Amino acid sequence: HQFCLAFPGDGWSSRVLDAVVHGCVPVIIQDESEMFFEGAFEAAQLGLDYADFSLRVREADLASLVRILEAVSAERLASLQRGVLRVRD
């Protein structure tokens, strides 16, 4: 799988963690939630942020999810997948 969904209410839950463990790009659909350690990677100067290994989709855009994911370029997808592996490993 290229993308794995994390719906509202899941937070940094098994869905996001499972996605990372399996090398799948998490698609976070949570408008009002900060993810576990969000911003902390950059603040700690680790050269990594959630945008490096996941996508955020607004809840209002959920009806367009397939179109949004299909619009992700091959280059961007490859970059996100490298980010996932960096976080995982």
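Out of the residues in the range 38-78 that are among the hydroxyl-bearing types (Ser, Thr, Tyr) and within 12 Å of the chain's Cα centre (by Cα), state the one that is modelled with the lowest pLDDT. Going through the qualifying residues, I end up with Tyr50.
Taking into account only those residues within the range 42-89 that are charged (D, E, K, R), out of contact with any Pro (no Cβ under 8 Å at 6 or more places or on another chain) and closer than 13 Å to Ile29 by Cα, which is most open to solvent (accessible area, probe 1.4 Å)? Filtering first and then ranking leaves Arg58. Summed over the range 1-25, the residues that are touching a Cys at 6+ places or on another chain (Cβ under 6 Å) and modelled with pLDDT of 80 or more give a count of 3.
The values are calculated or read from the model by the stated rules, or taken from the named source; none is laboratory data. None of the values given here were measured: they were computed from a predicted structure. Ideal geometry is used to build each Cβ from the backbone, glycine not excepted, and the neighbour counts take in all protein chains shown. All accessible areas refer to the heavy atoms of the entire protein, side chains included, with ligands and DNA or RNA removed. Shrake-Rupley method; radii C 1.70, N 1.55, O 1.52, S 1.80 Å.
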